[in-house]
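In what follows, a structure is listed as structure tokens, so that the remarks can point back to it.
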Amino acid sequence: MIKIREDITAQALEKKVKAVFEYSAAKIDSLQRTWKPEDGAPVFTLNGKYTSRGWTEWTQGFQFGAEILQFDATGDRKFLEAGRKHTVELMAPHVSHIGVHDHGFNNVSTYGNLLRLMNEGVIAGATGERNFYELALKVSGAVQAARWTKTANGGGFIYSFNGPHSLFVDTIRSLRALAVSHQLGHVLMGENDKRIDLLERLIQHAEATAKYSVYYGTGRDYYDVRGRTAHESIFNVNDGNYRCPNSQQGYSPFSTWTRGLAWAMCGFAEQLEFLAGSEVDVSFMIKAAEAACDFYIEHSPTCGIPYWDTGAPSLYKLGDWACKPADPFNKYEPVDSSAAAIAAQGLLRLGRYLKNDRYWKAGLTVCASLFDEPYLSSDPSHQGLILHSVYHRPNGWDGPAGEACMWGDYHAREVALYLLREMEGKLYLKFWSERK
């Protein structure tokens with residue numbers, strides 16, 4: 001269980017947060033020098049160098065989004081220009097990609113961050129540039145919403161790249177693509193010119209995720225543990241009925257893959273912020289977010305950095321692992337620092353939304369561990385920023401301890417920027433923005 005530091009404040013982490021962006025600059029520079037677009041998107045480091053891993057190109061937005069976040073945090077315009085250039089030249093295929101559930105990862109991290117900075121007045125831009133970013137985001141949200149499976153109860157969900165039967169817990173964070181597109185006044189046009197409301201699809205997907213991906217220990221889930229999440233939920237596409245849980249990247253359907261748990265924590269918290277003040281009944285989101293965050297707090301080591309799956313088969317060999325700090329160098333089960341980077345933001349956002357000090361301080365406690373050795377990498381020869389992460393353990397797509405991943409590095413930068421703005425009294429960091 002996380003040992004929440006009751007005396008911790010955001011200001012107390014100032015030195016660590018600034019160190020993140022100090023080390024980050026050299027790592028972005030190094031990747032820019034060595035990365036070749038024709039090799040595919042960088043995914044995971046091997047021996048400290050980023051390599052590609054063909055599956056789906058879901059990490060490209062994190063690569064270029066990191067450049068934009070670096071500018072946001074430091075004001076160094078070379079990173080802004082790099083982010084702009086790479087977004088314009090290389091991100092278009094992701095906008096119209098009909099085969100994935102990753103639009104919120106790729107396109108909101110690039111086009112979305114650039115538009116946000118324009119709307120915040122941080123960067124100037126011609127009308128054409130603004131229109132370009134807005135069009136990309138409108139189309140991205142609609143394309144994402146088109147991957148739709150209807151459920152038996154009249155709702156539905158955005159299906160994963162596995163096919164129409166598959167609901168991934170990860171996709172809760174791709175709802176940001178639908179949110180931004182809807183906010184820009186866009187709709188998805190269907191057969192016979194049917195106008196499909198993107199906000200309605202956002203809410204229905206969130207409802208399906210809360211109902212089928214998150215467990216509550218009561219009712220249908222009486223046999224299970226409150227807050228546990230399933231990576232994948234399987235449906236009968238003929239009638240829309242739910243069939244069973246499954247897992248692609250976790251140990252089993254009945255254990256919790258901690259990065260999937262983190263996606264739920266962060267995704268629900270973000271959508272609660274987005275829908276604040278609206279007439280949407282968000283009680284189901286609060287219930288899901290609280291359950292997931294409580295489970296993370298209760299089933300992580302004391303430092304807040306989780307092992308890759310709470311049911312990993314050799315965890316027992318580590319003894320009472322939840323009552324001591326994580327050991328990223330142990331020989332039995334790896335930790336996943338990328339899950340911590342994502343989960344920290346979920347804890348912070350939910351804590352602020354609910355005015356709940358426990359979640360807020362738990363998020364700060366996780367950041368205090370993540371932004372320090374042995375996780376934060378100060379070695380300029382290593383291209384990774386946050387060490388000791390896991391990609392797809394069942395497929396063996398992981399290096400030894402000491403490696404990093406694109407999504408872990410990006411989300412560490414994102415939560416560090418979130419805290420930096422808090423410390424400096426700047427505009428609250430959101431994934432959406434309004435014109436000034």
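The values are calculated or read from the model by the stated rules, or taken from the named source; none is laboratory data. Quick caveat: nothing in here was measured; it's all calculated off a predicted structure. Glycine also receives a Cβ, built like all others from the backbone with ideal geometry; neighbour counts cover every protein chain displayed. Calculation scope for accessible area: heavy atoms of the full protein, side chains included, ligands and nucleic acids excluded. Shrake-Rupley method; radii C 1.70, N 1.55, O 1.52, S 1.80 Å.
Within the range 225-239, the set of residues being part of a loop (DSSP other than H, G, I, E, B) and either open to solvent by 30 Å² or more (accessible area, probe 1.4 Å) or of a type in the set (Ser, Thr, Tyr) (or both) comprises 225, 226, 236, 237, 238, 239.
Within the range 115-153, the set of residues being buried (at least 20 other Cβ atoms within 10 Å of the Cβ) and among the aromatic types (Phe, Trp, Tyr) comprises 133 only. Kindly provide the set of residues from the range 53-100 that are closer than 15 Å to residue 43 by Cβ, aromatic (Phe, Trp, Tyr) and touching a helix residue (DSSP H, G or I) at 6+ places or on another chain (Cβ under 8 Å), ordered by number. The answer is 58, 62, 64.
Residues in the range 68-114 that are hydroxyl-bearing (Ser, Thr, Tyr) and assigned to a helix (DSSP H, G or I) were compared, and the one that is surrounded by the fewest Cβ atoms within 10 Å (Cβ to Cβ) is 74. Tell me, which residue of the range 191-227 that is among the small types (Gly, Ala, Ser) and touching a residue at least 24 places away in the same chain (Cβ under 8 Å) is farthest from residue 178 (Cα to Cα)? Result: 227. Summed over the range 375-395, residues that are open to solvent by 50 Å² or more (accessible area, probe 1.4 Å) and either part of a loop (DSSP other than H, G, I, E, B) or of a type in the set (A, V, I, L, M) (or both) total 4.
Residues in the range 55-64 that are under 22 Å from residue 379 (Cα atoms) and either in contact (Cβ under 8 Å) with a residue 60 or more places away in the chain or surrounded by fewer than 24 Cβ atoms within 10 Å (Cβ to Cβ) (or both): how many? The qualifying residues number 2. Scanning the range 180-222 for residues that are of a type in the set (Phe, Trp, Tyr) and in contact with a helix residue (DSSP H, G or I) (Cβ under 8 Å, 6 or more places away or on another chain), we see that the one that is farthest from residue 256 (Cα to Cα) is 216. Tell me, please, whether a residue that is of a type in the set (A, V, I, L, M), more than 21 Å from the chain's Cα centre (by Cα) and within 30 Å of residue 131 (Cα to Cα) can be found in the range 31-38. Checking the range 31-38: at least one residue is of a type in the set (A, V, I, L, M), more than 21 Å from the chain's Cα centre (by Cα) and within 30 Å of residue 131 (Cα to Cα). One residue stands out in the range 343-374 among those that are touching an Asp or Glu at 6+ places or on another chain (Cβ under 9 Å) and open to solvent by less than 30 Å² (accessible area, probe 1.4 Å): the one that is nearest to residue 408 (Cα to Cα), namely 345.
On the stretch given as the range 17-60, residues that are of a type in the set (Phe, Trp, Tyr) and part of a helix (DSSP H, G or I) total 2.
Within the range 13-54, if we keep just the residues that are open to solvent by less than 90 Å² (accessible area, probe 1.4 Å) and without any contact (Cβ under 8 Å) to a residue 24 or more places away in the chain, the residue that is farthest from residue 81 (Cα to Cα) turns out to be 54.
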